[in-house]
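Bear in mind these aren't lab numbers, they're just calculated from the coordinates by the rules spelled out. Since this is a predicted model, take the numbers as computed values, not measurements. Cβ placement follows ideal geometry from the backbone for every residue including glycine, while neighbour counts extend to all protein chains displayed.
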Amino acid sequence: MKMGFRWYGEGNDTVTLEQIKQIPGVETIVWALHDMAAGDEWPMEKILEVKKSADKYGFNLDVVESVNVHEDIKLGLPTRDKYIENYKKTIEKLAKVGVKVICYNFMPVFDWLRTDLYKKTEDGSTALFYEKARITDIDPMELVNKIASNPDLTMPGWEPERLKNLTQLFEAYKNVTEEDLWNNLKYFLEQIIPVAEINDIKMAVHPDDPPWSIFGLPRIVKSRNDLARLLKLVDSPYNCLTLCSGAIGSNPNNDVPAMIREFGNRIAFAHIRNVKIYENGDFIETSHRTCDGSLDICDIVKAYHEFGFTGYARPDHGRHIWNEQCRPGYGLYDRALGIMYIWGIWDTLQRTK
Ligand code: DNO
């Protein structure tokens, strides 16, 4: 298992590469050009700037999260072809700096969704929280304004410019069914995967977060059966998964360790985090420790260890602890603690092999 750490780039993150360097075992910076709009071709100069920063600290750039998919591709509009061409060109450029995995998602309109970014917890820390009932009675625009009210530290996928056409986007998705979305994903993958193969880059889809439909929008990467169907859409070792334990695991019917055991060789990127799920369907992000949440992180790491996972992993969202001011979920401290918990399990398993 190769350990990565998500970093938003020079001047765009409260966490520095110097700090990340001191977390044991991190080799890979999980990065992106966060100022590129979905559908744009990434300029080589900007890619090389990130490489220069990473080189200074001896990190590799093997994992990109995310090259976002333009809505026209998800909607299946005729204009999708030009955005798919841009995506291919971006893949070719990323190969030049050694990228091995591209994480992306196929969620209409929104990326991940929470109702509260700083929910106070019992120990005084704050964490990302999802309150199921609020989603049914909140206007999506109100939620977007609330999330975007912190302009310096926005959540990835919630960039204000991306969501400024919200009303039109909702209108465009009105008649798009889940089957339409599957067809549009297939169309995309059929064109992208051959380019990914030639460039030795694995395309790793991130599951829907949370793994159910929100605001009536279709969502198709929510369960074991969806993952199985997705991998067959284009049956190539380059059509892979980002298995995000906290995203897919926030539905208690989803058995994350079983998914790892079943799809192991097609998981290119592991996001490891814990969530505590309440009976009413709400959930809060907790420390990585198994007993703090509803997911068995020990068994999740064990499932990766069993088949000798050689892909990339990263700790996922952390709580905000020790008064850290950071991007929601992306502070230094709790994610670093998460890494040490993951390594603790992994190293113990290595010994008892
Ligand atoms: C949230 C992330 C997601 C993820 C995208 C992948 O923290 O896990 O925003 O990066 O869904 O495209």
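What does the convex hull of the Cα atoms of region 2-351 come to per residue, in Å³, rounded to a whole number?
Taking only Cα atoms, region 2-351 has a hull volume of 127 Å³ per residue.
So what's region 64-107 giving for Rg/Rh, alpha carbon basis, Kirkwood Rh from the mean inverse pair distance? Here the Rg-to-Rh quotient is 1.00.
Amide H to amide H distances under 5 Å link R319 with no residue, where only residues 5 or more positions off or on other chains count and H is placed in the peptide plane. Dipole magnitude for region 1-89: computed about the Cα centre from +1 point charges on Lys and Arg Cβ and -1 point charges on Asp and Glu Cβ, it is near 220 debye.
Label positions at N145 and M36, each projected 7 Å from the Cα along the C-beta direction, are separated by 3.3 nm. Which is farthest toward the positive dipole end of the chain among T126, I260, T115, measuring Cα position about the Cα centre, with Cβ charges +1 (Lys, Arg) and -1 (Asp, Glu)? The residue sitting most towards the positive pole is I260.
What FRET efficiency would be calculated for the residue pair E27, Q325, taking the C-beta separation as r and a Förster radius of 25 Å, to the nearest 0.05? FRET efficiency, E27 to Q325: 0.40. For region 127-135, backbone phi angles converted through the Karplus equation (6.51, -1.76, 1.60; θ = phi - 60°) give residue-by-residue couplings of 8, 6, 9, 10, 10, 4, 5, 5, 5 Hz, Gly and Pro being listed as x.
Dipole size of region 9-157 about its Cα centre, with +1 on Lys/Arg Cβ and -1 on Asp/Glu Cβ: approximately 340 debye, rounded to the nearest 20. Simple point charges give the picture: +1 on the Cβ of Lys and Arg, -1 on the Cβ of Asp and Glu, and for the chain a dipole about the Cα centre of about 720 debye. Once the Cα-Cα distance is subtracted from the 0.36 nm per residue extended length, the K120 to E262 segment shows a gain of 47.5 nm.
Listing L75, L181 from the residue with the fewest other Cβ atoms within 10 Å to the one with the most, what is the order?
If I rank by nearby Cβ atoms, fewest first, I get L75, L181.
Applying a DSSP loop filter and a limit of 13 other Cβ atoms within 10 Å to the GluC sites (Glu not before Pro) in region 1-48 leaves E10. Value of Rg to Rh for region 198-290, rounded to two decimals, is 0.99; Kirkwood radius and Rg both from alpha-carbon coordinates.
Please report how far the C-alpha centroid of region 50-75 lies from that of region 247-296, rounded to the nearest whole angstrom. So the separation of the two Cα centres works out to 25 Å. Taking one quarter of the surface of the convex hull spanned by the alpha-carbon atoms of region 102-232 gives a direction-averaged projected area of 10.2 nm². Loop-resident GluC sites (Glu not before Pro) (DSSP state other than H, G, I, E or B) in region 178-256 with no more than 12 further Cβ atoms inside 10 Å of their Cβ are absent. Label-to-label distance for K164 and K46 is 1.6 nm, based on points extended 7 Å past Cα in the beta-carbon direction.
Maximal additional length on extending the T136-S53 stretch stands at 25.5 nm, based on 0.36 nm per residue less the C-alpha distance. Residues in region 241-252 carry Karplus couplings, in order, of 10, 9, 8, 9, 4, x, 6, 6, x, 7, 9, x Hz; the curve used is 6.51 cos²θ - 1.76 cosθ + 1.60 with θ = phi - 60°, and Gly or Pro positions show x. When the GluC sites (Glu not before Pro) in region 244-327 are filtered for DSSP coil states and for at most 13 other beta-carbon atoms within 10 Å of their beta-carbon, the remaining sites are E279. Between T14 and T352, the C-beta separation translates, for a Förster distance of 51 Å, into a calculated FRET efficiency of about 0.85.
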